[in-house]
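Reading through the structure tokens given below for one structure.
The values are calculated or read from the model by the stated rules, or taken from the named source; none is laboratory data. Note that the structure is a prediction, hence the values are computed from the model and not measured. FYI the Cβ positions are ideal-geometry reconstructions off the backbone, even for glycines, and counts take in every protein chain you see.
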Amino acid sequence: MISAHLLRDLTPQILGVLVRRGADFVAAEDAVQEALVEAVRGWREGAPDDPKGWLVTVAWRKFLDARRSASARALREVAVTREPPAGPAEHTDDTLLLLSRCCHPALTPASAIALTLRAVGGLTTAQIARAFLVPEATMAQRISRAKRTLAGQRFEEPGDARSVLRVLYLMFDQGFAGAGGKSRAAGDTDLAAEAIRLTRQLAASAPQDPEIVGLLALMLLHHARRAARFDASGDLVPLAAQDRSRWDTATIAEGVDLLQHALARDRLGEYQAQAAIAALHDDAASAEETDWPQILEWYDELAGIVAGNPVVALNRAVAVGHVDGPLAGLHLVEKLPADLPRRDAVAAYLHERAGDRAQAARLYTAAAEAATSMAEHAHLLKQAARLNQSGPSAPA
Amino acid sequence: MAKYLLLKHYRGGPDKHPNAEARMEQWTPEEITAHIEFMGKVADDLRERGEYVDSQALVPDGEFVRYGGEGKPPVTDGPFAETKDLIAGWMIIDVESKERAHEAAAYLSSAPGKDGKPLYEWLEVRPFMGDPSCVE
């Protein structure tokens with residue numbers, strides 16, 4: 001029997017070897033998939049002594065076969081100029097190189113995430129399909145299309161870490177948003193955990209980039225709260241109402257430690273700033289003890305880094321609402337585009353803090369109608385219901 | 001076995017039962033929780049009987065869209081006018097008979113609403129087109 005974990009760990013390593021030997025990324029990915037299929041068939045009686053060496057040999061042969069059938073001339077070139085030297089398997093870490101192929105800016109985020117999960121994450125197409133709640137054939141096509149797009153692109157060495165970080169961030173966000181909802185029952189693939197695993201791998205291979213470490217810290221500082229984000233009946237619990245004893249303190253400690261190391265390099269970026277905000281929330285023993293003035297300072301930093309980002313401006317307005325009062329926060333919200341997601345919910349929250357419960361209820365109702373997830377819809381509806389029930393002067 | 005679509009409408013369909021008239025934000029938060037838990041229980045019960053296929057809820061926003069002609073962008077009409085029928089979501093079940101489909105729809109329609117009373121909500125029940133039978 002072959003271990004799924006072993007194959008998952010080996011997949012990106014084999015791919016890395018082929019790409020480093022000069023195989024183009026798309027052809028190499030095809031060859032690795034074919035080698036994996038052969039391994040599943042051939043290793044029933046037990047894996048070879050050197051599974052990595054076996055897979056490299058088979059994948060390289062598959063790659064050469066494909067080249068041979070594609071073009072005899074190309075084959076001669078490959079055989080002459082790219083035949084690998086004999087010797088032990090290489091141990092260079094190719095994580096960033098491979099991730100930058102999968103997260104090429106020409107791909108849509110959804111395609112990049114799918115390709116990353118397969119080529120670097122080592123997941124099967126079926127597992128990825130379950131994570132996205134689409135048929136396997138659909139996911140297979142999405143990955144093929146992504147590879148066709150890549151086939152026509154030029155690559156820089158070693159590739160752009162920014163687009164990689166963005167894709168990993170979106171992968172985490174998607175997994176985090178779905179956790180606890182019905183997607184939990186839908187598959188065995190935890191996208192948030194996969195994103196953390198890949199970012200951890202990337203941080204280990206490029207520890208000199210504080211934004212990579214900052215992103216890992218950000219993910220861990222959010223992931224630490226996952227057990228408290230939904231109550232027993234599956235309802236979304238907002239940060240302020242979460243049972244903080246259910247937060248994962250070991251993960252928080254790791255996130256804070258990573259963040260401090262990243263910040264010490266004195267090259268601030270958006271992920272480090274967001275991680276700092278998450279760390280301040282995680283650090284408060286209760287919602288009342290949240291250090292809002294310091295959070296606001298970090299939002300000011302963040303707003304300076306990603307100037308003009310309305311989502312950051314909206315979250316900053318909440319911090320302003322806590323530091324300078326809800327009316328100051330509302331003043332900022334009113335300047336933001338009316339169709340900005342969660343704008344109504346933030347305005348409702350600030351109106352309630354300012355004592356205008358009727359307006360808060362109206363805005364929570366509007367926010368519920370625009371919600372794009374069941375958990376969020378139910379949560380916002382209940383906020384409106386709570387305000388409508390308890391009348392204009394009752395305490396929250 | 002035959003598949004049925006149980007459609008829930010935001011608007012449209014026969015007149016509402018008085019129990020279903022209050023808007024959800026006028027219920028108490030506990031009544032909303034009880035309603036959602038009931039819907040989850042219906043799905044679990046159907047799953048246990050081997051009849052559940054899928055259920056999805058839709059965001060109320062939407063538009064009608066059609067072909068705009070050669071080289072032209074799609075034509076849209078919307079958002080939906082207040083008078084138009086509006087689908088809120090669906091459940092798909094795979095059951096032995098039409099009677100059983102109706103029974104499942106009635107169960108779903110008995111979900112509690114304001115003051116914990118059953119909503120008597122109308123659900124549209126539509127059989128799927130199946131495959132041609134090989135047994136004559």
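Residues satisfying the criterion are present in the range B:76-87 (criterion: more than 14 Å from chain A (Cβ to nearest Cβ), among the polar types (S, T, N, Q), free of Cβ contacts under 8 Å to residues at least 24 places away in the same chain and in contact with a Phe, Trp or Tyr (Cβ under 9 Å, 6 or more places away or on another chain)).
Within the range A:19-33, which residues are more than 26 Å from the chain's Cα centre (by Cα), buried (at least 19 other Cβ atoms within 10 Å of the Cβ) and not hydrophobic (A, V, I, L, M, F, W, C)? Across the range A:19-33, there are no qualifying residues. Screening residue A:305 against (1) within 23 Å of residue A:343 (Cβ to Cβ); (2) out of contact with any Gly (no Cβ under 7 Å at 6 or more places or on another chain) leaves a single unmet condition, (2). As a summary of the residue check, residue B:15 satisfies the conditions (1) surrounded by fewer than 13 Cβ atoms within 10 Å (Cβ to Cβ); (2) in a strand (DSSP E or B) except for the one numbered (2).
Which members of the range B:18-55 meet the condition of being among the charged types (D, E, K, R), under 16 Å from residue B:88 (Cβ atoms) and surrounded by 15 or more Cβ atoms within 10 Å (Cβ to Cβ)? Walk me through it before giving the result.
The initial filter retains those residues of the range B:18-55 that are among the charged types (D, E, K, R), namely B:21, B:23, B:25, B:30-31, B:37, B:41, B:44-45, B:47-49, B:51, B:54.
Okay, now just the ones that are also under 16 Å from residue B:88 (Cβ atoms), so B:21, B:23, B:25, B:54.
Across the range B:18-55, the qualifying residue is only B:25.
Within the range A:321-340, the set of residues being under 27 Å from the mean Cα position of the chain (by Cα) and buried (at least 16 other Cβ atoms within 10 Å of the Cβ) comprises A:336 only. If you go through the range A:347-382 and keep only what is in contact with a Pro (Cβ under 8 Å, 6 or more places away or on another chain) and at the interface with chain B (Cβ under 8 Å from one of its Cβ atoms), you end up with A:369, A:370, A:372, A:382. Consider the range B:19-36 and keep the residues that are more than 8 Å from chain A (Cβ to nearest Cβ) and among the acidic types (Asp, Glu). The one that is nearest to residue B:119 (Cα to Cα) is B:21. For the range A:144-164, a tally of residues being surrounded by 17 or more Cβ atoms within 10 Å (Cβ to Cβ) and either at pLDDT 95 or above or outside any helix (DSSP H, G or I) (or both) returns 1. Residue pairs whose Cβ atoms lie under 7 Å apart, sitting 6 or more positions apart in sequence or on different chains, and linking a residue in the range B:2-18 that is in contact (Cβ under 8 Å) with a residue 60 or more places away in the chain to a partner that is assigned to a strand (DSSP E or B) and of a type in the set (Phe, Trp, Tyr), are B:5/B:90; B:6/B:90; B:7/B:90; B:8/B:90. For the residues A:227, A:276, A:232, the requirement of being under 28 Å from residue A:380 (Cα atoms), modelled with pLDDT under 95, out of contact with any strand residue (DSSP E or B) (no Cβ under 9 Å at 6 or more places or on another chain) and part of a helix (DSSP H, G or I) singles out A:227. Residue A:110 falls short of the stated requirement of being in a helix (DSSP H, G or I) and modelled with pLDDT under 90. For the range B:37-65, the candidate set comprises residues that are within 18 Å of residue B:6 (Cα to Cα), in a loop (DSSP other than H, G, I, E, B) and facing another protein chain (nearest Cβ under 10 Å); within that set, the residue that is modelled with the highest pLDDT is B:59.
Restricting attention to the range B:56-67, does a residue exist that is farther than 24 Å from residue B:17 by Cα and of a type in the set (Lys, Arg)? So that I can check it myself, show each step before the final result.
The initial filter retains those residues of the range B:56-67 that are farther than 24 Å from residue B:17 by Cα, namely B:61-67.
Applying the additional criterion that residues be of a type in the set (Lys, Arg) yields B:66.
Within the range B:56-67, one or more residues are farther than 24 Å from residue B:17 by Cα and of a type in the set (Lys, Arg).
Just one of (1) away from every other protein chain (no Cβ under 14 Å); (2) surrounded by 12 or more Cβ atoms within 10 Å (Cβ to Cβ); (3) modelled with pLDDT of 95 or more; (4) more than 28 Å from residue A:380 (Cα to Cα) fails for residue B:105. It is (4).
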